[in-house]
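Worksheet: one structure, shown below.
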């Protein structure tokens, strides 16, 4: 009996389950009913505004003036300044090295003696000329006396000898002065090539120096950015264009520090390697102090060869439409809300940086731009604009105004 009842009960239970399913179908399959397809989105009304472009670039610090320090006389180095070392600063006219000057002191004494001898010879020759004129008059001869009789060639030779002696003295004094090698400008030592006791000649490099009044950065400008910046140009006729865009240079060598400069020069040819146009930015006083807020803080000196980021001031665009890059899909379209529906709107990007894009076509003031990040949706999809945001939960006040946690919180 039990063997017969069990299969019968199973069949009856299965039939009841099927009947319940048929009587209550899922809501998605009920006739005349559809799931709620309104997607919640946030929108922002497009507004035209004046937009100041900042062009991104990068470059390497280089000195405006760099030179090799060479001696103008030969000899042995007998003194070296403590400031003649890599990285040290020096002032214009400051002594950096000294070459053994004894040979040049001897040459100076000889030059002084030569000058005295030349002066004596000239005086003697001038006396002979006076005597020759007197003798010609006493001779009673008529006519003009020949130059040779009046000793004019001899007098000219004596005068030339005096000038040569004066020049030799000046040269000896100059050579003696050149044994003291001085800085040609206020600067810094890049490298040192000679030291105490070394015998040097006029072709020996003693050190490499560079000026510290200001430094330069060579910055590439992308071809698409050239239409949005005014560059200084040298014209063959009409003088120099006065446009000098400001540049903010960012150093991240030791923390993040900013320096102010300006574009002072535009190169005359496209770089063959990068196929870009380069400009030269100048930073004044790169080793001084700069005002930060109300405080005066010293900055870490810029290093020659250091890479640095740059933000170059571009043109002011009137009535510009600017949107964040994240709202542009596949670089070609955005989503706008029109009467409760999502619509794809093709756009054209005129200029773009890492965060935002300047549009030339596609959006107009008053358009309702969808700012919610969405995937691939078709035009006509129903959306619901989010206007009210739920307020955060407020904690109840306990005794004497103290906040208490809601129930269920630990």
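The values are calculated or read from the model by the stated rules, or taken from the named source; none is laboratory data. Just so it is clear, the model here is predicted, and its values are computed rather than measured. Heads up, the Cβs are rebuilt from the backbone with ideal geometry, glycines too, and the neighbour counts pull from every protein chain shown.
No other residue among 133, 163, 144, 222 is more than 30 Å from residue 82 (Cβ to Cβ) and in contact with a helix residue (DSSP H, G or I) (Cβ under 9 Å, 6 or more places away or on another chain) apart from 163.
Yes or no, residue by residue, for (1) closer than 30 Å to residue 261 by Cβ; (2) surrounded by 20 or more Cβ atoms within 10 Å (Cβ to Cβ); (3) over 20 Å from the mean Cα position of the chain (by Cα):
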| position | (1), (2), (3) |
| --- | --- |
| 171 | no, no, yes |
| 174 | no, no, yes |
| 177 | no, no, yes |
| 189 | yes, yes, yes |
| 199 | no, no, yes |
| 210 | yes, no, no |
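For the range 257-280, taking the residues that are within 18 Å of the chain's Cα centre (by Cα) and in a loop (DSSP other than H, G, I, E, B), the one that is surrounded by the fewest Cβ atoms within 10 Å (Cβ to Cβ) is identified as 274. The residues listed here are 366, 362, 314; of these, the one that is modelled with pLDDT of 90 or more and touching a helix residue (DSSP H, G or I) at 6+ places or on another chain (Cβ under 6 Å) is 314.
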